[in-house]
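Single-structure report; data block below.
The values are calculated or read from the model by the stated rules, or taken from the named source; none is laboratory data. In this text the structure is predicted, and so the values were computed from the model without any measurement. Glycine also receives a Cβ, built like all others from the backbone with ideal geometry; neighbour counts cover every protein chain displayed.
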Amino acid sequence: MFSFKHANKSIELIERFLNTVDQGMLIFKEGVKNYLHGNKESFLDNLKTLSTLETEADIIKRKIENILYTQSLMPQLRGDILKLLESLDNILDLAKSNLFQFDVEVPYIPAEIHPDLVKLTELSGSAVESVIPASKAYFRDPASVKETLHRVYLFEKEADKLADGIKRKVFQEMPNLKLSEKFHLRYFTLHIENLSDAAQKVADLLSIMAIKRNI
């Protein structure tokens with residue numbers, strides 16, 4: 001995946017880590033859909049799987065850190081690489097936390113906004129998923145990173161617009177909802193939207209990292 005000597009083990013682990021994050025976002029999206037559709041058993045399975053993936057990602061990240069330090073691999077890039085992995089790991093933590101809150105708080109979500117929340121989840125998830133190939137490109141061909149990041153920014157922008165639309169609909173077009181229910185819906189909308197914001201921050205980091213490698 002990258003041309004550094006004696007880095008095969010790190011390459012393999014980084015690939016596994018990125019794939020784990022990618023799998024986690026797929027499970028998160030399925031989990032939100034299953035909650036909205038009332039598929040309680042499938043939702044709980046999604047939550048359990050996401051928790052397992054989050055733990056696996058933490059273990060892999062620690063192994064990568066250990067190899068990078070103990071074998072003195074890529075000392076000039078090590079700090080940036082570890083910051084990238086930490087940022088991606090935080091996204092997976094956020095996804096697990098968000099799905100867990102659905103289970104704990106059991107928000108009432110009216111059927112008329114189900115399609116909007118599903119679409120918001122897809123957009124935020126896609127923003128994160130688009131960071132994965134960009135991360136891989138950093139190690140394979142850093143000159144191509146910038147051109148792979150445009151999808152992240154596109155999905156993030158669309159997620160922000162849709163989230164604003166959902167909040168407006170809840171507060172301005174749904175008078176039968178209690179104010180507490182409106183606040184609850186805003187809370188969950190915001191937390192789903194936050195995944196795309198986190199993806200944008202990773203994209204910004206990757207862009208800077210790629211510039212530094214190409215200097």
So for segment 45-68 (the condition being modelled with pLDDT of 95 or more, farther than 19 Å from Ala163 by Cα, small (Gly, Ala, Ser) and surrounded by 15 or more Cβ atoms within 10 Å (Cβ to Cβ)), does at least one residue qualify?
yes
Between Leu190, Leu185, which is under 25 Å from the mean Cα position of the chain (by Cα), surrounded by 15 or more Cβ atoms within 10 Å (Cβ to Cβ) and touching a residue at least 12 places away in the same chain (Cβ under 8 Å)?
Leu185
Have a look at Ser135, Ser124 and point out the one that is hydroxyl-bearing (Ser, Thr, Tyr), in contact with a Leu (Cβ under 7 Å, 6 or more places away or on another chain) and modelled with pLDDT of 95 or more.
Ser124
Only one of (1) farther than 21 Å from Ile132 by Cα; (2) assigned to a helix (DSSP H, G or I); (3) not hydrophobic (A, V, I, L, M, F, W, C) does not apply to Tyr108, and that is (2)
Using the structure shown, decide if Leu77 is modelled with pLDDT under 95, in contact with a His (Cβ under 8 Å, 6 or more places away or on another chain), on the phi < 0 side of the Ramachandran plot and surrounded by 15 or more Cβ atoms within 10 Å (Cβ to Cβ).
no
If I ask for residues that are over 22 Å from Ala127 (Cβ atoms), of a type in the set (S, T, N, Q) and at pLDDT 95 or above, which ones from segment 1-42 would you list?
Asn39, Ser42
Only listed residue being farther than 24 Å from Ser97 by Cβ and of a type outside the set (Asp, Glu), chosen from Leu195, Leu179
Leu179
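Suppose we filter Glu147, Glu112, Glu156 for residues that are modelled with pLDDT of 90 or more, among the acidic types (Asp, Glu) and over 26 Å from Leu53 (Cβ atoms); which single one remains?
Working: Glu147 fails: modelled with pLDDT of 90 or more; Glu156 fails: over 26 Å from Leu53 (Cβ atoms).
Sole residue among the options that is modelled with pLDDT of 90 or more, among the acidic types (Asp, Glu) and over 26 Å from Leu53 (Cβ atoms): Glu112.
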Subset of segment 140-171 [surrounded by fewer than 23 Cβ atoms within 10 Å (Cβ to Cβ) and of a type in the set (Phe, Trp, Tyr)]:
Tyr153, Phe171
Filter segment 52-72 down to the residues that are more than 16 Å from Leu18 (Cα to Cα) and part of a helix (DSSP H, G or I) and list them by number.
Asn66, Ile67, Leu68, Tyr69, Thr70
